[in-house]
Amino acid sequence: MLRTHCNHLKALLALPLLLVLATGCKKEFDTPPVRSIPQGSVVTIAQLKAMYQGLPVHFSDTAGAVNTVYAVVTADEQNGNLYKNIYVQDHTGAIAVRLLASGGLYQGDSIRIYLPGTVLSPYNGLMQIDSVSADNNVVKQATGVSVAPRTTLINELTAANFGLGGPLQSMLVKFNDVEFAASDTGLTYANAVTQQTMNRTLENCGGNTAVVRSSGYANFAGQHLPTGKGPFTGIASWFGSAAQLYIRDINEVQLTGPRCGATPSCAPVASLSEDFSSVVGGQAIALDCWKNTYTQGSVAWRGNVTGNDRSAEARLSLGQASTMWLVTPQLIFSPSLHLSFSSAKVNWVSNGLTVWVSTNFTGDVASATWTQVNGATIAGQADADNTWVPSGSIALSGILPSGFSGNFVVAFKYQGDAANSTTFRIDNVQVN
């Protein structure tokens, strides 16, 4: 009993000493260093591309050297269609970025690329920043930044000036009214079994084509190609001597409408939104379920392309006269519907543009009954040329007959001759 009592006593005496030692040995962890990447001299993507003069450009951190480019990631590796490659874009252009290791950078990341240690050079005609380390060359500025695709046409994508420093190379682009070639519609995007990369042919109704290249590792590789026509969004890349497209998100391939040459259903719609992004400059507008015609002369509404902007244009050459009509699809009336659009003019002479509605239009403008839409603001003499003027929101319940229920159309009527030939454009037609 005495030995046991002594053992307990020793343990109690030792306890305060252990507590002191435990408190005095508290571990303090080292604070990790804050990663700092210098900025240096800044260039845009367009300026960066212009630095290539036939030989690879190796960037260094010597005094006065070009060191930094800012951009937003428009396509990443997440769907498996790209590997150790991303695409970035700023307000001047776009470029491919080849990474030393996969991962870490995602669509919507706003980044600063520190160039020392990287190389600017083309790979099979595709200009790129090579040997980029996500850890050592990239600083994220923000996430979730949205970049709108540039709407263009396949024939513009395949133009001769597209290569290397071309304005569309590596851009996020959108095509309207395109479809996969009939010979490809029974195929999948790629071979998901053997993981083999495949090329498929995308075309418009004019027969212009471009290659869509998809990796066998893409998460959509085994999906069958859609059989319809519609909008396609992707990255405009390049290989060898031709453009090729990469899908960054399979949900941006919306080819669900009737194919070229097929008759659209043209069922009445509850709302309308048309930005004329599929028109071809100088060619008569041919939109599904719209009517483009004339009751005088032989000139109809044509597509206009000014920079990145596309619109519908009423233009007459010297000596011409025309009364042209651009009529919307049939719309289902509801009391809350409003009409809005934008208009612009060039070389004002007279107010040749007016807006009308009809409740009995069946395809022939001459036999329909029309009511003019008053209250819409239309570009006029006091407005600067080529400046878009909003129409304001016009309540259609105040234009259509009281108590009306049924279908109706909206028409943009242009009237001009040799003495009165102001050019007018319209865009962003909304009925909702």
Exercise. What single numbered condition from (1) in a loop (DSSP other than H, G, I, E, B); (2) surrounded by fewer than 21 Cβ atoms within 10 Å (Cβ to Cβ); (3) touching a residue at least 40 places away in the same chain (Cβ under 8 Å) fails to hold for Gly230?
Worked result: (1)
For this session: Hey, can you tell me all the residues within segment 183-198 that are surrounded by 15 or more Cβ atoms within 10 Å (Cβ to Cβ) and modelled with pLDDT of 95 or more?
Result: Asp184, Thr188, Tyr189, Ala190, Asn191, Ala192, Thr197, Met198
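Taking the condition assigned by TED's automatic domain parsing to the domain that holds Gln128, over 30 Å from Ala192 (Cβ atoms) and either among the β-branched types (Val, Ile, Thr) or within 24 Å of the chain's Cα centre (by Cα) (or both), does Leu48 pass?
Details: assigned by TED's automatic domain parsing to the domain that holds Gln128: yes; over 30 Å from Ala192 (Cβ atoms): yes; either among the β-branched types (Val, Ile, Thr) or within 24 Å of the chain's Cα centre (by Cα) (or both): yes.
Judged against the criteria, Leu48 is a match.
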Problem set entry | Cβ-Cβ under 6 Å pairs, at least 6 apart or on other chains, segment 370-381 side closer than 18 Å to Arg425 by Cα, far side of a type in the set (S, T, N, Q) | Ala376/Ser391; Thr377/Ser391; Ile378/Ser343; Ala379/Ser343
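Consider Ser237 carefully, then state whether it is in a strand (DSSP E or B), surrounded by 15 or more Cβ atoms within 10 Å (Cβ to Cβ) and touching a residue at least 60 places away in the same chain (Cβ under 8 Å).
Working: in a strand (DSSP E or B): yes; surrounded by 15 or more Cβ atoms within 10 Å (Cβ to Cβ): yes; touching a residue at least 60 places away in the same chain (Cβ under 8 Å): yes.
Against the criterion (in a strand (DSSP E or B), surrounded by 15 or more Cβ atoms within 10 Å (Cβ to Cβ) and touching a residue at least 60 places away in the same chain (Cβ under 8 Å)), Ser237 qualifies.
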Exercise. Looking only at residues in segment 257-283 that are polar (S, T, N, Q) and either modelled with pLDDT under 90 or part of a loop (DSSP other than H, G, I, E, B) (or both), which one is nearest to Val431 (Cα to Cα)?
Worked result: Ser271
For this session: Report, by residue number, each residue of segment 380-407 that is among the hydroxyl-bearing types (Ser, Thr, Tyr), surrounded by fewer than 14 Cβ atoms within 10 Å (Cβ to Cβ) and within 30 Å of Asn347 (Cα to Cα).
Result: Thr387, Ser393
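Table: residues versus (1) under 25 Å from the mean Cα position of the chain (by Cα); (2) touching a residue at least 60 places away in the same chain (Cβ under 8 Å); (3) part of a strand (DSSP E or B); (4) in the same structural domain as Ser170 (by TED's automatic domain parsing).
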residue: Gln53; (1), (2), (3), (4): no, no, no, no
residue: Thr62; (1), (2), (3), (4): no, no, no, no
residue: Tyr70; (1), (2), (3), (4): yes, yes, yes, no
residue: Thr74; (1), (2), (3), (4): yes, yes, yes, no
residue: Asn79; (1), (2), (3), (4): yes, yes, no, no
residue: Gly104; (1), (2), (3), (4): yes, no, no, no
residue: Met127; (1), (2), (3), (4): yes, yes, yes, no
Exercise. Would a scan of segment 287-302 turn up a residue that is touching a residue at least 60 places away in the same chain (Cβ under 8 Å) and loosely packed, with under 13 Cβ neighbours inside 10 Å?
Worked result: yes
Exercise. Is it the case that segment 364-383 has a residue that's at pLDDT 95 or above, touching an Asp or Glu at 6+ places or on another chain (Cβ under 6 Å) and closer than 29 Å to Ala270 by Cβ?
Worked result: no
Problem set entry | Selected residue (criterion: farthest from the chain's Cα centre (by Cα)) from residues of segment 129-152 that are surrounded by 15 or more Cβ atoms within 10 Å (Cβ to Cβ) and closer than 30 Å to Asn208 by Cα | Thr152
Problem set entry | Matching entry among Ala284, Ala321 (being aliphatic (A, V, I, L, M), touching a Lys or Arg at 6+ places or on another chain (Cβ under 7 Å) and closer than 21 Å to Ala418 by Cα) | Ala284
Problem set entry | Leading residue by the ranking (surrounded by the most Cβ atoms within 10 Å (Cβ to Cβ)) among those in segment 240-286 that are more than 25 Å from Ile95 (Cβ to Cβ) and of a type in the set (Ser, Thr, Tyr) | Ser278
Seminar exercise, completed: Among the residues of segment 341-366, the number that are assigned to a loop (DSSP other than H, G, I, E, B) and either closer than 21 Å to Val389 by Cα or in contact with a helix residue (DSSP H, G or I) (Cβ under 9 Å, 6 or more places away or on another chain) (or both) is 6
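Using the structure shown, decide if Gly207 is of a type in the set (Gly, Ala, Ser), within 29 Å of Ser273 (Cα to Cα) and in a loop (DSSP other than H, G, I, E, B).
Answer is yes for this residue.
The values are calculated or read from the model by the stated rules, or taken from the named source; none is laboratory data. Predicted model only: the values in this text are computed from it and were never measured. With ideal geometry, Cβ positions are generated from the backbone for all residues, glycine too; neighbour counts draw on all protein chains shown.
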